[in-house]
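Each remark here refers to the structure printed beneath this line.
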Ligand code: AP5
Ligand code: MG
C-alpha cells in the first residue's frame, strides 16, 4: 500500500497514520516527525529548520524533497509506505510524482481528512495546553500561520490529486476510530 495523507494542521494525520500503518504493516513517513527529531538531536538539518517550524512556516521544497528521497530509498519502503505531511505544495507534489516514477512506483490513494477550522484550532490549542513539552508551533500566532499556509499552498494539491483520480475525502470530525473505519472502507473500495 502506497498512501499519502493530506489534511490541515490538527486534522488527525498523525493519529490516523498510526492506525493505518499498523493495519497495513507499512512505515509511517511523517516529514514533521523527521524534522522534529532532527531539531531534538540538534543536527544541521534540525538547526536549519527550527526557526521556520517554530513560527509555523514551511520548510523549502528542495530541502523537503531531499529528506523524503532519502527516506523512501530505505529498504523498509519496498513493501509500501504512508506519507504524512508531504507533499504540502504543488511543487512538492510534482517532485514526488517524478521521484516515484524514477523508483518505478505509483501512489494507490491520497486520503484527505476534512475538519472545520474551529475544530482544528480547538484541537491544537488543547494540545498546546496538555503536552508536557508543548510544540512551539502550537502557539496561537503559529497556528494561524499554519492554517493560512494550508489554505493557500496545500489545498491546491487536492485538485491535482482529484484530477488524477486518486483523492478520497473523509470527514475527519468523527472519533478517531470512526475516521479510521471510513478510510479503510474507501481504500477497500478503491482497490476492488
Ligand atoms: P507536521 O508535523 O506535519 O504538522 P501539521 O501538519 O501542522 O499537523 P499536526 O502534526 O500538528 O497535526 P495532525 O494532522 O498530525 O493531527 P494529530 O493526529 O497530531 O509539520 C510540522 C511542521 O514541519 C510544519 O509546520 C512545517 O514547518 C514543517 N514541515 C513538515 N512537512 C513539511 C513539508 N512537506 N514541507 C514544508 N514544511 C514541512 O492530531 C492533532 C490533535 O487532535 C491531537 O491532540 C489529537 O489527539 C487530536 N485528534 C486527532 N484526531 C482526532 C479526532 N478524530 N477527534 C478529536 N481529536 C482528535
Ligand atoms: Mg502530525
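Readers should treat all values here as calculations from the given coordinates under stated rules, not as data from a laboratory. It should be emphasised that the depicted structure is a prediction, and the values quoted were computed from it without experimental measurement. Counting neighbours? That spans all protein chains shown, and the Cβs are built from the backbone with ideal geometry, glycine included.
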Long-range neighbours under 9 Å by Cβ, at least six apart or interchain, first residue touching a residue at least 24 places away in the same chain (Cβ under 8 Å) within region 25-38, second more than 8 Å from ligand 1 (Cβ to nearest atom) and in a loop (DSSP other than H, G, I, E, B): 25/1; 25/80; 26/1; 26/80; 27/74; 27/80
Enumeration of residues in region 131-181 that are more than 15 Å from residue 7 (Cβ to Cβ), near ligand 1 (Cβ under 9 Å from one of its atoms) and out of contact with any helix residue (DSSP H, G or I) (no Cβ under 9 Å at 6 or more places or on another chain): 175, 178
Some residue of region 84-96 being surrounded by fewer than 17 Cβ atoms within 10 Å (Cβ to Cβ), on the phi < 0 side of the Ramachandran plot and out of contact with any helix residue (DSSP H, G or I) (no Cβ under 6 Å at 6 or more places or on another chain): yes
Positions within region 8-21 being outside any loop (DSSP other than H, G, I, E, B) and within 9 Å of ligand 2 (Cβ to nearest atom), in sequence order: 13, 14, 15, 17
Count - residues of region 22-46 that are outside any loop (DSSP other than H, G, I, E, B), away from ligand 1 (no atom under 14 Å from the Cβ) and loosely packed, with under 15 Cβ neighbours inside 10 Å: 4
